[in-house]
Structures are given as structure tokens and as C-alpha cells.
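As C-alpha cells, the structure follows; a few thoughts come after it.
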Amino acid sequence: MKPQLNETHDAALRSWVSSANTGNTDFPLQNLPYGVFRRRGSEQPFRLGVAIGEQILDLVAARVAGIFSALENQAFDRAILSDSLNGLMNLPPAVWSSLRLTLSRALRDGATQQAALASCLLAQLDAEYTLPAQIGDYTDFYTSLHHATAVGKLFRPDNPLLPNYKWVPIGYHGRASSIAVSGQEFRRPLGQTMPPGASAPVFGPAKRMDYEMEIGIFIGNGNALGEAIAINDAEQHVFGLCLLNDWSARDMQAWEYQPLGPFLAKNFASTISPWVVTLDALAPYRKAWSRDTADPQPLPYLESNDLRDSGAFDIELEVLLQTEKMRSEGMPPQRLSLSNFSHSYWTVAQLVTHHTVNGCNLRAGDLLGSGTQSGPLPEEAGSLLELTEGGKKPINLANGEQRVFIADGDRIIMRGWAQKAGSARIGFGEVSGTLLPARAL
Ligand code: CA
């Protein structure tokens with residue numbers, strides 16, 4: 001199905017929440033992403049919210065105020081009163097669209113609900129977040145040809161891109177238990193590595209710590225075991241997208257990844273943004289998807305006209321670093337790279353369809369990682385491994401510090417946004433995480 005535009009995308013819409021109308025907020029009225037929050041430092045239960053400007057609309061309070069009366073039934077009420085988005089993700093896409101329309105109308109300038117909803121807001125500065133969904137399963141893909149080629153060159157100089165890459169969306173089953181929301185702090189992992197030229201591995205803290213800038217894809221309603229999701233239905237099963245940092249220990253990865261793929265190099269921490277931006281909200285920023293005519297074209301089950309017409313997402317993706325020294329001196333984070341999700345070799349719909357083509361069942365709240373989103377230019381690389389050419393070319397920071405990989409105390413911040421002439425600018429907020437020193441041996 002092609003993405004549809006409707007009144008909720010109108011760039012002229014303004015909200016009675018004035019901070020939504022600045023033109024450069026991530027959360028104008030045209031966005032309306034979902035998250036799970038509570039008042040910072042409180043013992044209140046976590047609850048569903050929608051970001052609007054610098055505020056959060058509390059959906060539980062909004063329900064009490066009566067704005068969802070036309071939508072209410074048992075499943076909807078259970079979904080809204082939950083402490084995760086899984087219930088909402090599991091409702092039909094038509095309900096997602098109705099809820100978006102209801103929220104859009106209630107938050108508009110002049111809405112009759114303004115008086116009732118004004119007391120249902122909490123400033124984002126006063127909020128803390130938890131994971132937006134209970135993530136049952138996590139699969140990480142490898143959809144950037146530029147990343148796969150650059151990393152392949154470092155790991156296998158004679159054979160960078162394996163012959164299956166251009167036929168199969170490559171992925172592996174990751175670990176859901178260590179995924180946390182933005183603000184995650186975690187210790188440098190311990191593990192086995194094989195030093196260059198050594199004949200036996202050593203055990204100790206990983207030395208080549210890296211990030212991977214990815215898009216996270218939250219599955220909405222899933223599919224029954226044994227059934228596949230056809231390419232033209234795939235986006236009906238996607239609730240929305242978030243930012244994902246897939247932290248990676250490159251020296252552990254190089255030693256362990258053959259023959260079964262990444263394991264302990266990847267499963268000690270992964271961090272996602274608190275806000276899930278719906279596919280509805282992203283409809284204006286879709287682009288044609290194409291495949292180089294010199295490359296193999298997708299097999300028929302991964303091919304469709306809608307994909308060619310609008311299968312890609314034009315989302316800018318930025319990575320920033322703030323070292324401990326920068327924080328102590330009050331300096332802002334420094335940009336390391338800027339890329340775009342539209343460079344992806346495979347689309348969101350192809351990932352969903354390929355994942356289920358053998359009958360594997362996806363469930364509401366499952367998370368798919370896009371894989372590191374590196375663009376064609378060197379400065380568009382989505383990991384330090386690529387930016388420093390395997391650790392050989394240090395990055396000189398503005399304050400005189402240098403980095404080849406992540407140092408203890410470093411904070412990595414990722415941001416994402418979409419903008420287009422004639423449409424509002426919308427954003428994902430940010431995902432940040434901080435590396436702590438390894439635990440004692
Ligand atoms: Ca990854």
C-alpha cells in the first residue's frame with residue numbers, strides 16, 4: 001500500500017501547545033510520536049504519552065478527559081491504560097490512523113478540547129522514560145551496502161562483499177534483554193580477543209568499542225506462525241520507527257563472528273530513543289526506492305510497484321560525541337557524521353517480508369534493526385570502524401582530544417529528522433548512551 005497523506009500532514013496546522021509551532025522542534029503537531037514516561041524521580045507507574053513541542057500529552061489523563069470516546073472499546077482501553085505500547089501496536093492500522101486524527105484535532109489551535117487537555121501535559125524536561133514496548137524478539141539487519149563493503153574490506157580484505165549480500169537481506173537474531181531506552185549507561189564488556197599476530201586469544205576489556213547508527217523498526221500486529229507477510233502488506237505490520245545505537249566491540253566481533261555471526265560483541269547493550277515515530281507521520285518523507293541496474297534485481301517476493309514508487313524513507317541521521325572532558329568543561333557534543341536512511345540497500349517492507357517468508361512469526365513489539373546506515377561518502381559512515389579506517393586514522397576533536405574508538409566516559413548521541421519543502425519538519429528526538437569503565441577482572 002502506498003503511504004497516504006491526509007489533513008494530519010498539513011504543514012499549516014498549528015497547535016495550542018505553543019512550543020510545537022517553532023518550526024525547528026522535533027515534535028510539531030504533524031509528528032505525534034508515542035512513548036512511555038512518568039514524572040522524573042517519581043514512583044508513579046509508567047504510562048503512554050505523545051510528544052507535542054516541549055510537552056508530553058498524558059494519554060491516560062486524556063482518556064479521562066473524554067477525547068477518545070469515539071474510539072473506546074475493551075481492546076483500545078486496555079492498550080491506552082498499559083505501561084507499554086504493545087497493546088496499541090497490536091490494534092489494526094485503521095485504529096492507529098483514527099487515534100492520530102483524534103490527537104491532531106484535539107491539539108490544534110482552537111480545539112474545543114484545549115481546556116480539558118491543558119492539565120494533561122507534562123514538560124519533557126520533567127519526565128523520565130522507559131522502553132516504549134516490551135521487546136519480545138530483536139533482529140538486526142545489515143542493509144547499508146556502503147557499510148557492508150567498508151567493514152567487509154577491514155575483516156576480509158580479499159573478499160569484502162559476500163555473494164549473498166545483493167540477493168538476501170542479511171540479518172541475525174540479536175538479544176532483546178539488553179536493549180534499554182536513551183540514557184543507558186553500561187560497562188565496557190569483557191571478553192576474548194585475538195591480538196594481531198598472537199597465537200592464542202586473551203581475555204580482558206574490549207579495546208575497540210564502537211557504535212552503530214541504525215533505525216529501529218517496531219512491528220505492530222504480527223503474523224501467525226507458518227504464515228508470511230506479502231510485500232504489499234508489509235507496512236501494515238509496522239507501527240513505527242525509532243533511533244537505535246547498536247553498540248559493538250569490534251575486537252571481540254572479529255574473533256568470534258565466524259561461522260555463526262555476532263554474539264557477545266553485540267549483546268551487552270543496545271540503546272533506543274524513547275519516541276516511536278509512526279509510519280503515518282513519515283508519509284510525506286517517502287522516496288522512490290531503486291536498485292542499481294548493474295545489480296541483481298530483487299526476487300519477486302521482495303519486489304513491488306509501491307516499493308519502487310515510495311519504498312524509501314528520507315530521514316537524516318546524525319551521530320555526535322561528547323567526551324567526559326567536554327561534559328566537565330560544559331562543551332556541547334561534536335558531530336561525527338551525518339547520513340540518510342534513504343541510502344539503505346533494502347527497504348523496511350523488504351525486511352518484514354523477508355523475515356516472515358519462511359513462516360517465522362513476528363509479534364507486536366518485536367524490534368528490527370536496520371543495520372548501520374552509512375552513506376556513499378566517507379563522512380557519512382555510521383560507525384567509528386569506518387570513520388577511522390579500522391582504527392588507523394584518528395579523529396581530531398575540536399578540544400584537542402583524539403579518538404579512534406570509544407573511550408570510557410564517552411557519550412554517543414544520535415539524532416534523526418525528516419524535512420521537505422511543503423511539509424513540516426519532524427524529528428525523532430535523540431538516543432544517548434554512555435560507556436563506563438569495565439568491571440574489575
Ligand atoms: Ca548492527
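The values are calculated or read from the model by the stated rules, or taken from the named source; none is laboratory data. Because the structure is predicted, anything quoted here is derived from the model rather than measured. Cβ: placed from backbone, ideal geometry, glycine included. Neighbour counts: every protein chain shown.
Looking across the range 268-308, the residues that are touching a helix residue (DSSP H, G or I) at 6+ places or on another chain (Cβ under 8 Å) and within 29 Å of Leu29 (Cα to Cα) come down to Thr278, Leu279, Asp280, Ala281, Ala283, Pro284, Arg286, Lys287, Ala288, Trp289, Asp306, Leu307.
Taking the condition of being more than 16 Å from the ligand (Cβ to nearest atom), touching a residue at least 12 places away in the same chain (Cβ under 8 Å) and either in a strand (DSSP E or B) or out of contact with any Leu (no Cβ under 7 Å at 6 or more places or on another chain) (or both), how many residues in the range 329-351 meet it?
First pass over the range 329-351, keeping only residues more than 16 Å from the ligand (Cβ to nearest atom): 329-336, 338, 340, 342, 347, 349-350.
Imposing the further condition that a residue be touching a residue at least 12 places away in the same chain (Cβ under 8 Å) reduces the set to 329, 331, 333-336, 338, 340, 342, 347, 349-350.
Now drop any that are not either in a strand (DSSP E or B) or out of contact with any Leu (no Cβ under 7 Å at 6 or more places or on another chain) (or both), which leaves 329, 331, 334-336, 338, 340, 342.
Result for the range 329-351: 8.
In the set (1) surrounded by fewer than 19 Cβ atoms within 10 Å (Cβ to Cβ); (2) within 21 Å of Gly433 (Cβ to Cβ); (3) within 16 Å of the ligand (Cβ to nearest atom), the condition left unmet by His173 is number (2). Applying the selection to the range 201-228, what residues are more than 22 Å from the chain's Cα centre (by Cα) and crowded, with 24+ Cβ neighbours inside 10 Å? Result: Ala206, single match.
With the requirement that a residue be part of a loop (DSSP other than H, G, I, E, B) and either crowded, with 22+ Cβ neighbours inside 10 Å or in contact with a strand residue (DSSP E or B) (Cβ under 8 Å, 6 or more places away or on another chain) (or both), what does the range 230-250 give you? Give the derivation first.
At the first step, the residues of the range 230-250 found to be part of a loop (DSSP other than H, G, I, E, B) are 230, 246-247.
Across the range 230-250, the qualifying residues are Asp246, Trp247.
Out of the residues in the range 268-290 that are within 15 Å of the ligand (Cβ to nearest atom) and of a type in the set (A, V, I, L, M), state the one that is surrounded by the most Cβ atoms within 10 Å (Cβ to Cβ).
The initial filter retains those residues of the range 268-290 that are within 15 Å of the ligand (Cβ to nearest atom), namely 268-272.
Next, only the ones that are of a type in the set (A, V, I, L, M) stay: 269, 272.
Working: Ala269: 20, Ile272: 29.
Only one residue fits best here, namely Ile272.
Cβ-Cβ below 8 Å, separation at least six or inter-chain, first residue in the range 127-144 and under 25 Å from Ser344 (Cα atoms) and touching a residue at least 24 places away in the same chain (Cβ under 8 Å), second among the aromatic types (Phe, Trp, Tyr) and near the ligand (Cβ under 10 Å from one of its atoms): which pairs? If the second residue must be among the aromatic types (Phe, Trp, Tyr) and near the ligand (Cβ under 10 Å from one of its atoms), the pairs left are Thr139/Tyr172; Asp140/Tyr172.
Right, Leu190: farther than 24 Å from Ser383 by Cβ, surrounded by fewer than 21 Cβ atoms within 10 Å (Cβ to Cβ), hydrophobic (A, V, I, L, M, F, W, C) and away from the ligand (no atom under 16 Å from the Cβ) or not? No.
Taking the range 280-320 as the range and being in a loop (DSSP other than H, G, I, E, B), within 21 Å of the chain's Cα centre (by Cα) and not small (Gly, Ala, Ser) as the test, the residues that pass are Asp280, Leu282, Trp289, Asp314, Ile315. Which residue pairs have Cβ atoms under 9 Å apart, sit 6 or more places apart or on different chains, and have a first residue in the range 227-247 that is closer than 15 Å to Trp96 by Cβ and a second that is within 16 Å of the ligand (Cβ to nearest atom) and part of a helix (DSSP H, G or I)? Note: pairs meeting the criteria are Glu235/Val348; Val238/Val348; Leu241/Phe341; Leu241/Val348.
Scanning the range 251-267 for residues that are within 16 Å of the ligand (Cβ to nearest atom), out of contact with any helix residue (DSSP H, G or I) (no Cβ under 9 Å at 6 or more places or on another chain) and part of a loop (DSSP other than H, G, I, E, B) yields Leu260, Gly261, Asn267. Of all residue pairs spaced 6 or more apart or on separate chains, those with beta-carbon atoms under 8 Å, a first member in the range 146-165 that is loosely packed, with under 14 Cβ neighbours inside 10 Å and a second member that is part of a helix (DSSP H, G or I) are Asn159/Gly152; Leu162/Gly152. If you scan the range 1-24, which residues turn out to be among the charged types (D, E, K, R), touching a helix residue (DSSP H, G or I) at 6+ places or on another chain (Cβ under 7 Å) and at pLDDT 95 or above? The one that is among the charged types (D, E, K, R), touching a helix residue (DSSP H, G or I) at 6+ places or on another chain (Cβ under 7 Å) and at pLDDT 95 or above: Arg14. Exactly one residue among Pro196, Pro169, Pro201 is of a type outside the set (D, E, K, R) and without any contact (Cβ under 8 Å) to a residue 40 or more places away in the chain, and that residue is Pro196.
Listed by position, the strands (runs of 3 or more DSSP E) inside the range 25-140 whose residues that are at pLDDT 95 or above and of a type in the set (A, V, I, L, M, F, W, C) number at least 2 are 34-39, 47-52, 55-58, 121-123. Of the residues contained in the range 358-372, one or more are found to be touching a His at 6+ places or on another chain (Cβ under 6 Å) and touching a residue at least 40 places away in the same chain (Cβ under 8 Å). Has the range 208-220 got at least one residue that is under 23 Å from Thr353 (Cβ atoms), within 16 Å of the ligand (Cβ to nearest atom) and in a loop (DSSP other than H, G, I, E, B)? No.
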